[in-house]
Amino acid sequence: MIQVLGSSWALFLGMFMLMIGNGLQGTLLGLRGELEGFSTLELSVVMSGYFVGFLFASKMAPEMIRRVGHVRVFAALGSTISAVLIMYPVLADPISWTLGRVVIGFCFCGVYVTAESWLNDASSNETRGQALSLYMIVQMAGIVTAQFIITRGDVSGFVLFIVPSVLVSMAFAPILLSIKPTPAFGRIKPMNIKQLIGASPLAAVGMFLLGGVFSAQFGMSAVYGARAGFSVGQISLFVSAIYLAALVAQYPIGWISDRLDRRILIIAVALVGGFGSMVAGFFPASYTLAVVSGALVGGTSNPLYALLIAYTNDYLEKEDMAAASGGLLFINGVGAIMGPITLGYMLDGMGPRGYWVFLSVLMIGVGLYGIYRMTRRSRADMPLDTTSYANLPMTTTPVAAQWAQEVYSDAADSDAATAAKDPATAAE
């Protein structure tokens, strides 16, 4: 791990600053929108814009990189992000903010694709898994740090908009100056959605519902906190709890998933998160319960995302895994676009309770559909050789998805080879 950090520290530092900037603008817009008098529906449309841009960029960014190269894509997207961040407080109206969020989502996705392909190229087969783990930690750490910064500034002023703009601009300096060669970017062929649904209906439905969950956590949690009467500091801690729990829960849930029927774990994790949200729905103004329930949903939804990808790959050939991951990301993005708008209506109609009702319905929906699918596909249909669980963050792009599948599939192949050579050692 120290070797990986030493060889790619500049890239990790750049990604850390990028995630601070992204985490700041996500929470900050929800808080500032409340001060500007935006309605809940207007804010929900604004938040949906990010996922619209992210969805388009996941398809277009690889082609942009092939046409003009990593350096030009970085420079163009980075300067655009900085400009939009500064323009938010100047053009404080819902239409401008929605367009800005679409552009921001597109640019950040393009930046992620570029950075991830660079990091993948800089890693060897022996260090790629460790690099992926560090990449996840850096992403979560950046988002949590952003929540702390928000508590130190004035939401009604300009400084908190300038800070992420500066951080995003500075993030490209260590990345571009320290990485020597620019890697070649291979095309990711998308899998037909119909074929993907046929391979795993549970994963397709689960990914769509999780898209709504993620959009609520990433974009609408600050709106909920403001509606519930929480202070800026309390909202920041609430958002931090979601991402810290997601980071902590990834490994133990992944470890368990490689040792039993993934469907059972998918159902259990989804129901735990759903019923945890339901409890908070009875007391939506209780801050302590909100933090606990937020952490519970964050600690179940993010591992559930990776569980669904791993479950799908259990039924696919290795060469189809990257395409399937890209298809699942697309389905997840569609759900994420619709999530804030639906949640906006619920917050208007039900008040703060609507936030928890929305999350509980989606999470319990995943669990119930998983139970239904167990009646349609028996355990005997499961392949004997399953893939390994791959830790994937909520901001995954097709590059990270492909990279993760390569890492964990190679690890599974290595374990299988070891077991074939020395069954006694494998049993230990």
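The values are calculated or read from the model by the stated rules, or taken from the named source; none is laboratory data. What you are looking at is a predicted structure, and each value in this text was computed from that prediction instead of being measured. For neighbour counting, all protein chains shown are included, and Cβ atoms are generated from backbone atoms with ideal geometry for every residue, glycine included. All accessible areas refer to the heavy atoms of the entire protein, side chains included, with ligands and DNA or RNA removed. Shrake-Rupley method; radii C 1.70, N 1.55, O 1.52, S 1.80 Å.
Would you check if there is a residue in the range 349-365 being part of a helix (DSSP H, G or I), at pLDDT below 90, in contact with a Ser or Thr (Cβ under 7 Å, 6 or more places away or on another chain) and small (Gly, Ala, Ser)?
no
Of the numbered conditions (1) part of a helix (DSSP H, G or I); (2) farther than 13 Å from TYR355 by Cβ; (3) of a type outside the set (Gly, Ala, Ser), LEU260 satisfies every one except a single condition; which is it?
Here LEU260 meets the rest and fails (1).
Write out, first by first residue and then by second, each pair whose Cβ atoms fall under 6 Å of each other, whose residues are 6+ apart or on separate chains, and whose first residue, in the range 23-46, is touching a residue at least 24 places away in the same chain (Cβ under 8 Å) and part of a helix (DSSP H, G or I) while the second is basic (Lys, Arg) and open to solvent by less than 10 Å² (accessible area, probe 1.4 Å).
Every condition considered, the pairs that remain are VAL46/ARG101.
Which pairs have Cβ atoms under 7 Å, sit 6 or more apart or on different chains, and link a residue in the range 343-358 that is farther than 17 Å from VAL45 by Cα and in contact (Cβ under 8 Å) with a residue 12 or more places away in the chain to one that is small (Gly, Ala, Ser) and surrounded by fewer than 19 Cβ atoms within 10 Å (Cβ to Cβ)?
Within 7 Å, the pairs are PRO352/ALA285.
Report yes if SER96 is open to solvent by 10 Å² or more (accessible area, probe 1.4 Å), free of Cβ contacts under 8 Å to residues at least 24 places away in the same chain and part of a helix (DSSP H, G or I), otherwise no.
Yes: the conditions hold for SER96.
Checking the condition in contact (Cβ under 8 Å) with a residue 60 or more places away in the chain, small (Gly, Ala, Ser), part of a helix (DSSP H, G or I) and more than 24 Å from ARG377 (Cβ to Cβ), which residue from GLY335, GLY327, GLY281 passes?
So the residue among GLY335, GLY327, GLY281 that is in contact (Cβ under 8 Å) with a residue 60 or more places away in the chain, small (Gly, Ala, Ser), part of a helix (DSSP H, G or I) and more than 24 Å from ARG377 (Cβ to Cβ) is GLY281.
Looking for something closer than 23 Å to ILE143 by Cβ, modelled with pLDDT under 90 and under 19 Å from the mean Cα position of the chain (by Cα) - is there at least one such residue anywhere in the range 58-65?
Yes, some residue in the range 58-65 is closer than 23 Å to ILE143 by Cβ, modelled with pLDDT under 90 and under 19 Å from the mean Cα position of the chain (by Cα).
Can you tell me which residue is modelled with the lowest pLDDT among those in the range 177-209 that are within 30 Å of GLN25 (Cα to Cα), in a helix (DSSP H, G or I) and open to solvent by less than 60 Å² (accessible area, probe 1.4 Å)?
Selected residue: SER178.
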